[in-house]
Every structure is written in C-alpha cells, then in structure tokens.
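The values are calculated or read from the model by the stated rules, or taken from the named source; none is laboratory data. Source: prediction; values computed, not measured. Cβ coordinates were reconstructed from backbone atoms using ideal geometry, including for glycine residues, and neighbour counts include every protein chain displayed.
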Number of protein chains: 2
Amino acid sequence: MIRVNSNFLDYIQLLEQGNHKTIIQEKEVEAGGVILSQRTKVFSVFVVKSGLAKCFLTEDTGVDFIQEFFGAGEVFGELEVLNNDFSFCTIQAVSKLSYFKIAKKDFLKLLKEDAKFNRLVLQLMATKIRYTALRHSYNQSHALEDKVKRLLKEYPKLLRTISKSDVANYLGISVRSLNRVLKAI
Amino acid sequence: MIRVNSNFLDYIQLLEQGNHKTIIQEKEVEAGGVILSQRTKVFSVFVVKSGLAKCFLTEDTGVDFIQEFFGAGEVFGELEVLNNDFSFCTIQAVSKLSYFKIAKKDFLKLLKEDAKFNRLVLQLMATKIRYTALRHSYNQSHALEDKVKRLLKEYPKLLRTISKSDVANYLGISVRSLNRVLKAI
DNA sequence: CGCGTAATTGAAAAGTATCAACACTGGTGG
DNA sequence: CCACCAGTGTTGATACTTTTCAATTACGCG
C-alpha cells in the first residue's frame with residue numbers, strides 16, 4: 001500500500017552530498033500537484049524524499065485505478081526511461097511532496113558506471129514486481145471484506161491519511177462497497 | 001497473456017554458443033512438470049527456450065491465480081535471486097518445455113560483467129512491471145465480458161492451447177462465469 | 001454563515017459464484 | 001467392439017456480492 005525504500009533514499013542522498021550534486025535536483029510540490037502524466041514522454045527519473053504520492057492509471061472507462069502509494073525512497077519514471085516508453089500512469093502528490101529528479105541520461109550513466117546504484121535499481125524493480133504480483137493475486141482471490149480488513153490491520157490510520165475514494169480506487173471497488181464493509185466490521 | 005522475449009533469447013543463445021557454454025545448461029521437462037515451487041529457495045535463473053509454462057500463485061483460500069504464461073525468451077527466478085527471496089510462485093510446464101538454467105552466482109556475475117546482459121535484464125524487468133500493472137488495472141476496472149473478449153481477440157486460438165480452468169484462473173474468475181460469457185459473445 | 005467537497009445510506013439492478021447434474025472425449029481392459 | 005473410467009467442458013437454478021443511482025448528511029474553510 002504505502003511503499004518506502006530507505007536503502008535507496010540513503011544512497012541517493014549520499015550521491016547528492018558527494019560528487020553528484022549537479023545531476024540530482026531537489027524539487028517540491030503541493031498536495032494535488034501532478035509530477036508525471038499518463039501517456040506523456042518521460043525525461044527523468046524521480047525519487048520521493050518525503051511526503052506521499054499516488055500512482056494511478058485512468059482506464060478508458062473513466063475509472064482510476066491506484067497502483068501504489070509512494071513514500072520516502074520510492075522511485076518512478078525508471079521503467080519508462082529504461083524502455084523509452086510513454087508514462088503508463090499518473091503520479092500525483094497526496095500530501096506535500098519533496099522529491100529528487102535525475103535526468104534520463106544521468107540515470108542511465110549512473111546505471112552503467114555505479115555498480116552499487118545498478119544493483120539497488122535491480123533490487124527495487126524486483127521488489128516492485130513481486131509486490132504487484134502478490135497484490136494482484138490477493139485481490140483476485142479474496143473477498144472484499146478480507147481485503148479491507150487486511151488493509152486496515154496493516155495501516156490502522158489509513159483513513160485519516162487517504163480519502164475514501166482513493167482507498168476504494170486502490171482496492172478496485174466502489175466507495176459504497178467500502179462503506180458497507182467498514183460498517184460491518 | 002503469453003509473453004515472449006526474443007531479444008533476450010537471442011542473447012542467451014549467443015552466450016551459450018560463445019564462451020559461456022559451461023554456465024548455461026539446457027534442460028527439458030514434460031507438460032505438467034514443475035520447474036520451480038512456491039515458497040522454496042531459488043538457486044538459479046531460468047529462460048524458456050521453447051514451449052509454454054504457467055506462472056501461478058496458490059492462495060491460502062486454495063485458489064490458484066495465474067500470473068502469466070511464459071513463452072520463448074521469458075525469464076523467471078531472477079527476482080528471487082536478486083533479492084535472495086523464496087519463490088513467490090510456481091512455474092509449471094503447460095506443454096513440453098525446453099529451457100536454459102543459469103546458476104545464481106553465474107547470473108549475478110553476468111549482470112556485473114556484461115553490460116549488455118545487464119541492460120537486457122533491466123529492460124525485461126521494466127517490461128514485466130509495466131505489463132503486470134496494466135493487466136491488474138484492466139482486470140479491476142472492466143467487466144468480465146470485456147476481459148474475455150479482449151483475450152480472445154488477442155489470442156483467437158487460446159482455448160485450443162490452454163484449458164478452461166487455466167484461462168479462468170488467469171482471469172481470476174470461475175469456470176462457470178467463463179462459460180456463460182463465452183456463450184453470450 | 002454559506003458554499004463546496006467528501007462521506008453515508010437505502011433500494012434496485014447487475015454481476016458472479018456455488019453447486020450439482022449432465023455431456024463429451026480419449027484411453028484402457030475385457 | 002463395448003463398457004467403463006477419468007478428465008474436461010457445459011449448463012441451470014439459486015444465493016450471494018457488488019455496483020449504480022439518488023438522496024441526505026457531515027465537515028472544513030473563507
């Protein structure tokens with residue numbers, strides 16, 4: 001649900017303080033601000049420094065599906081940069097967000113020249129795949145009530161941080177269903 | 001649905017014919033054979049040479065959810081090797097399968113020493129993430145009928161290759177529902 | 001206070017699963 | 001050649017789950 005990656009954040013901050021000052025920009029955006037839009041070209045890779053962002057796709061049906069909430073250390077844009085694709089999702093700040101921005105060519109250069117960076121990126125991508133796969137599977141094979149219970153157990157203060165419609169979009173259900181289950185629990 | 005990666009397969013075969021003969025083993029298994037089991041340690045990375053395998057998770061409810069069907073050039077085991085995790089899914093041959101097997105240490109060595117290999121792995125992982133995310137999103141936000149129609153349009157001879165229960169497990173629905181929709185189309 | 005956004009709820013409609021029975025196919029042995 | 005079996009596919013009836021729609025209510029903020 002809310003993903004973080006402190007290893008990666010640490011390393012980025014190390015690079016920033018070291019001899020890579022120039023290639024790692026620091027930026028900020030208010031809640032609601034969009035950092036990356038679906039179906040646009042991606043020229044940079046981003047790393048969350050602090051705050052919370054949501055990563056979602058808007059389907060042709062008009063429904064938003066939230067892939068993931070990104071907290072400190074989470075990376076986005078790397079997939080598109082690696083495969084030279086358009087962005088497949090929109091990244092929007094849920095709360096005030098500070099983040100690092102690394103230009104495509106610098107990111108690719110780091111990957112080539114910095115073995116530790118390379119390894120961290122491989123691991124972070126492996127984690128993303130595993131996480132997404134497990135979530136997808138769980139979602140498909142469990143009842144709504146189980147999904148909601150699990151989420152609340154893992155993030156007790158979820159509903160104070162994230163709006164109901166976002167939570168519903170994350171679970172792939174309607175707000176009405178979410179309300180019914182919440183009441184029943 | 002049925003994924004392939006001819007770039008990667010080509011490169012692996014190139015390595016095999018070059019000076020990496022010793023680290024790339026070729027193996028075979030009959031339909032139904034299990035190459036990797038859920039929740040076991042993973043000591044190698046595998047690449048499909050020919051044939052078809054399914055990658056699925058068994059949930060605590062007893063339901064199988066099929067992540068993906070792997071065709072020529074698809075890779076598995078790499079996530080676990082990178083993060084030193086247990087396998088999160090089972091890989092089972094759907095038809096007679098030939099595949100390459102690369103020991104963990106050799107895979108990691110290749111990643112370090114062969115820049116092209118490294119890049120191909122990064123790209124393949126990026127593709128996996130994108131693909132999984134799009135599928136998850138589509139699944140959550142479209143009606144059953146749309147899902148089935150899309151699948152049949154993309155793979156007209158699907159039902160001659162893959163059993164109904166596998167197709168249903170891939171879609172995360174019951175066989176009954178699949179049948180109903182198929183009849184209605 | 002008054003406005004706009006978010007949250008809540010009930011009732012009806014639509015979508016899916018479960019279960020149990022039946023059909024079809026290919027293979028086996030008498 | 002037939003009877004039988006196991007695996008796979010098909011179907012109807014029914015119950016359950018989730019969405020949709022529309023109407024209210026609650027809440028934060030200028």
- Message: Anything in region A:158-181 that is among the β-branched types (V, I, T) and touching a strand residue (DSSP E or B) at 6+ places or on another chain (Cβ under 9 Å)? List them, or say none.
- Response: A:T161, A:I162, A:V167
- Query: Wholly within region A:73-142, which helices (runs of 4 or more DSSP H) include no fewer than the required count, namely at least 1 residues that are at pLDDT below 95 and hydrophobic (A, V, I, L, M, F, W, C)?
  - Reply: A:115-141
- Name the residue, out of A:L134, A:L52, A:L97, A:L151, that is away from chain B (no Cβ under 14 Å) and within 30 Å of B:S174 (Cα to Cα). A:L151
- Query: Taking region A:20-49, which residues are in a loop (DSSP other than H, G, I, E, B) and more than 29 Å from A:G62 (Cβ to Cβ)?
  - Reply: A:H20
- Residues in region A:114-136: is at least one closer than 17 Å to B:H136 by Cα and in contact with a Gly (Cβ under 7 Å, 6 or more places away or on another chain)? no
- Test B:T127 against the stated conditions and say whether it is in the same structural domain as B:D10 (by TED's automatic domain parsing), touching a His at 6+ places or on another chain (Cβ under 9 Å) and under 30 Å from B:A168 (Cα atoms). no
- Just give me the residues in region A:166-183 being within 14 Å of chain B (Cβ to nearest Cβ) and within 7 Å of DNA strand D (Cβ to nearest atom), in sequence order. A:G172, A:I173, A:S174, A:S177
- Query: Just a yes or no: is a residue in region A:142-151 farther than 27 Å from B:L57 by Cα, within 16 Å of DNA strand D (Cβ to nearest atom) and exposed (fewer than 15 other Cβ atoms within 10 Å of the Cβ)?
  - Reply: no
- Query: Which residue pairs have Cβ atoms under 9 Å apart, sit 6 or more places apart or on different chains, and have a first residue in region B:160-181 that is outside the structural domain of B:T58 (by TED's automatic domain parsing) and in a helix (DSSP H, G or I) and a second that is within 11 Å of DNA strand C (Cβ to nearest atom) and of a type in the set (D, E, K, R)?
  - Reply: B:A168/B:R176; B:L171/B:K147; B:V181/B:E145; B:V181/B:K147
- Query: When only residues in region A:108-131 that are away from every other protein chain (no Cβ under 11 Å) and not basic (K, R) count, which is nearest to the chain's Cα centre (by Cα)?
  - Reply: A:F117
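Yes/no per residue for (1) within 21 Å of B:L15 (Cα to Cα); (2) β-branched (V, I, T); (3) surrounded by fewer than 16 Cβ atoms within 10 Å (Cβ to Cβ); (4) away from chain A (no Cβ under 12 Å):
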position	(1), (2), (3), (4)
B:L57	no, no, no, no
B:G71	yes, no, no, yes
B:V81	yes, yes, no, no
B:A103	yes, no, yes, yes
